[in-house]
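S.K.: Structure provided below as structure tokens; questions to follow.
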Amino acid sequence: MTPVTRQEVLGLYRKIFRIAKKWQSASGQTAETIKEKEYIKNEAKTLFRKNKNVTDPKLIKQCIEECEARIEIGLHYNIPYPRPIHLPPMGLAHKQGRTLRHQEKLRKISKPIYLKSHDEVS
């Protein structure tokens, strides 16, 4: 990891904890706000620790983009949890063969960047 990339990653980590410190839930309830703050902190710790040994520059860049996307979406919608996606069901394909593999590949490609690591952790 280059020093510039390292500073960028550490800056994102600090930014997440600053956001968590000032976070207010959409409902305004104290219990929910505390729960959401803890979720933000725990999610950041888990994902950053999971990716601390990543050395591939492309993968590091992808992780940084995912982090920035989750921050922006969380701040915009005032929801710390990843937003669900609704992909069309695979009910039209047979359960075998090239069609199923092709649909699975398309579903994997169409998954938004902000959900790439969420499914691996939860």
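Just so it is clear, none of the values below were taken in a lab; they were calculated from the coordinates. What you see is a predicted model; the values in this text were computed from it and never measured. Please note: Cβ atoms are built from the backbone with ideal geometry, for glycine as well, and neighbour counts cover all protein chains shown.
S.K.: State which entries of Lys52/Lys105; Lys21/Lys50; Lys58/Lys105; Lys21/Lys58; Lys35/Lys105 exceed 26 angstrom in Cα-Cα distance in the structure shown. Walk me through the numbers on the way to the answer.
M.R.: Values: Lys52/Lys105 28 Å; Lys21/Lys50 22 Å; Lys58/Lys105 20 Å; Lys21/Lys58 31 Å; Lys35/Lys105 36 Å.
Pairs exceeding the cut-off: Lys52/Lys105; Lys21/Lys58; Lys35/Lys105.
S.K.: Could you check the spin-label model distance between Glu104 and Ser27? Points 7 Å from the Cα along Cα→Cβ, value in nm.
M.R.: Distance between label points: 3.9 nm.
S.K.: Region 1-71: D in µm²/s via Stokes-Einstein (Kirkwood Rh, Cα pairs, 4 °C, 1.567 mPa s)? Working shown, then result.
M.R.: Numbers: Rh = 13.1 Å.
Result for D is 99 µm²/s.
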